[in-house]
Structures are given as structure tokens and as C-alpha cells.
1. Just the accessible area for Val210, please: 1.4 Å probe, Å², rounded to the nearest 10?
2. Which far-off residues, 5 or more places away or on another chain, put their amide H under 5 Å from the one on Val244, with H placed in the peptide plane?
3. Compute, for segment 104-185, the length of the dipole vector about the Cα centre, with Cβ point charges of +1 (Lys, Arg) and -1 (Asp, Glu) only. Units Debye, rounded to 20.
4. For segment 116-131, in order, what is each residue's ³J(HN,Hα) by Karplus, 6.51 cos²θ - 1.76 cosθ + 1.60 with θ = phi - 60°, in whole Hz (x at glycine and Pro)?
5. Residue by residue, what Karplus-based ³J(HN,Hα) values in Hz, rounded to whole numbers, does segment 323-338 have, using 6.51, -1.76 and 1.60 with θ = phi - 60° and x for Gly and Pro?
6. Residue by residue, what Karplus-based ³J(HN,Hα) values in Hz, rounded to whole numbers, does segment 232-245 have, using 6.51, -1.76 and 1.60 with θ = phi - 60° and x for Gly and Pro?
7. So for segment 84-338, Kirkwood radius off the Cα pairs, Stokes-Einstein at 20 °C and 1.002 mPa s: how many µm² s⁻¹?
8. Which cross-chain or sequence-distant (5 or more) residues have an amide H under 5 Å from the amide H of Leu151, H modelled 1.01 Å from N in plane?
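The values are calculated or read from the model by the stated rules, or taken from the named source; none is laboratory data. Keep in mind it's a predicted model, so treat the numbers as computed, not measured. All Cβ positions, glycine included, derive from the backbone under ideal geometry; neighbour counts span all protein chains shown. Please note that ligands, DNA and RNA were not included when accessible areas were found on the heavy atoms of the full protein model with its side chains. Shrake-Rupley method; radii C 1.70, N 1.55, O 1.52, S 1.80 Å.
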Amino acid sequence: MNKFGLAASLSLGLVIAGCGAEEDNAGNNAADNAGGNNAAEENNAGENNAAENNAGENNAAEENDAADNDGGEASGNVGEELDYTITGIDAGAGIMSATDEAVETYELSDWDVTASSDAAMTQALADAVENEEPIIVTGWTPHWKFSSFDLKFLEDPEGVYGEAEDIHTFAREGLEEDMPEAYQVLDNFQWSEEDMGEIMMEIQDGTDEVEAARNWIDNNEDTVAEWTDGVEEVDGEEISLVFVAWDSEIASTNMIALVLEDLGYDVSMDPLEANFMFQAVSEGEADAMVAAWLPLTHEHLVEDYGDSMEDLGANLEGARTGLVVPEYMDIDSIEDLQ
Ligand code: PBE
């Protein structure tokens, strides 16, 4: 059933386990793993606390024996408080390689970057914010966490995480000839951070991701009509999309899958690790993906696979990656971790 075989099963066993490769299952499991509702509930608590700065300071002071009270120069203490740990996501994500590079560039050899998943990272973030505890995560926008929590990117004076990123759509070679209608829609697909954010927030608030994608489509008929303008309907042709179970990509892939289904396609969605996502499209095992972050985050994957796939350009502009901390933390720059 899973045409991506053993590698895919191994790479994302948790998400795929027991559900095969159908879109609903894949998405739902990813959402379950994210612990969506819980995180959302805790978010409110966290936000309220954060808003009351006094409460936050008190907590921090209690926990750290006033170590934090001297303001921004508490870098050594931050390391100790965090056990020199940066909470990462899936090991295959581009932001994880960038963070390894940051550790080197900023000489943070005391620090470890733990690999987990978007879901586990956001849960750790929710827990930390709820208790006003320090935490450093590998973070990015668009992502619902910035709406739910008061967060900031740490400054990156060395530019390790690059400038703004765009999210690109890639199609397998030959898709234009084989499925010109789908190709046209994928080529036309372009939306904003706010658009993606609407779906992400709704999922985070507990709505099923297919339903959240449907609601966005219903509320943005004019935008979708631009993508599908002049495109003829098809009769149940199968098309396969691959993605990684990052919240941003769960939103975009579910949405574009529904647009294609509305045109008559029979769409499958397979969650993979980043490198298998690129590999699947480059080898023609999957038809397309809308999840390539460029120019930096997935540069190495485009180097490996980009020659045998087609870049249809940006579907979203102005994304960003970096190290992210709650606003209540005293540090402002990656240099403060030294
Ligand atoms: N991300 C979200 C991905 C790209 C999309 C930033 C986690 C990555 O680091 O590979």
C-alpha cells in the first residue's frame, strides 16, 4: 500500500503506523501527535501569564534563585537552566542542519540540539510557556506558535539562517504532459503567510485539517478561482502529493489537495521525511510537493535532487527560520548563548 516502501515507513513510522497512505489518516495522525487541543488550551494560559509580566518575573525568580534578574547578560545561566539544550524537530529538517551550523559558527559547543518533531517541539514550547520556563526551539514562520505564544526570533548576526525564505512548489518531470490540468493549478498556486496561518490556527484549535482546508477554500473562492481559471475538470485521475508533517506543510498540502480533488482528481497525500519527499518527486514516484523552502533551508536537497524535478516557483513568500524563544526570556541574540 505504501509505494514509498521501507524507507518511508521507517522514516515516519509514527505518522504512518497503521494507516497506510490516505490523506485523511496521514493528516489526522500528524494532528494527533501534535496534541492539538491540549496545546491550544495551554496556549491561552501561557499567553495570559506572559501578558502579566510580573507574574512571569516572579516565576523565573523563584526557579532560578534570582539568577535572571540582572537582565540580558544571563547567558551562562540560560545555558545552565536549559541544560544546554535546544529543542529541535525532525532530524531531516533543513532547520536542523542550519542549527548544527549555528552551533559551530557561534561556538556553542556546550549545546546539544535534540531531534524530535514539530509536534513534540510545540508541546515542549507550550509546556514551557505555561510555566514561564526558559526554552529555545528551532522555529519558523509561518507557524501557529507565533499566534498562540509571545515569541521572538533570536538575532542571527552571522546570518546562519539566511534571509527571508520562499516556499516553492516542485513537480516531477513529465507532469506537465501527463496531467496538464493539475500542473496548471500547481503552477498558479500562490498564497500568503496569513492564508496559511488561518488553516494552521484552525487545525491547532481542534478542527480536522481537511475541514480547516475546506473552510479556507470556501472563504477564499476568488483566490482559488485564479488558480483554477480556465483549467478543465478531470475524471478521477490519480495524483500523489508528498509532504513532511510540519504544521505549515500539513496546512498547505491539505489545501492544494482539496483544490485538485474539486477538479476531479483522486489525490493521495504521503507524509515523508524531507529527503524522501524530494527523492520521491525527483524519481517520479510522487507527482508533486509544495514544501520546498529556498534558497537556504532545503538548498542541500535541491542540490541532490533538483536536477530531475521541476521548480514551479514560490507558492509563499517571506517565510523565515531561526532559533525562537518566548518573549519573557532575557536573551535577544544567538550570541547570548555563548
Ligand atoms: N521547517 C518548516 C522546514 C521547512 C518547513 C522550517 C521546519 C525545515 O526546516 O526543513
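1. Accessible area of Val210: about 30 Å².
2. HN-HN under 5 Å from Val244: Leu272.
3. Details: 3 positive and 21 negative charges, 58 e Å.
Here segment 104-185 has a charge dipole of around 280 debye.
4. Karplus values, whole Hz, x for Gly and Pro: 8, 7, 3, 4, 5, 4, 5, 5, 4, 5, 4, 5, 5, 5, 4, 9.
5. 9, 10, 9, x, 4, 6, 7, 7, 7, 10, 9, 4, 4, 5, 8, 5
6. Here the 3J(HN,Hα) series is 7, 6, 10, 10, x, 4, 8, 9, 10, 10, 10, 7, 10, 6 Hz.
7. Details: Rh = 18.8 Å.
Value of D from the Cα-based Kirkwood radius: 114 µm²/s.
8. Distant-sequence amide H within range of Leu151: Glu327.
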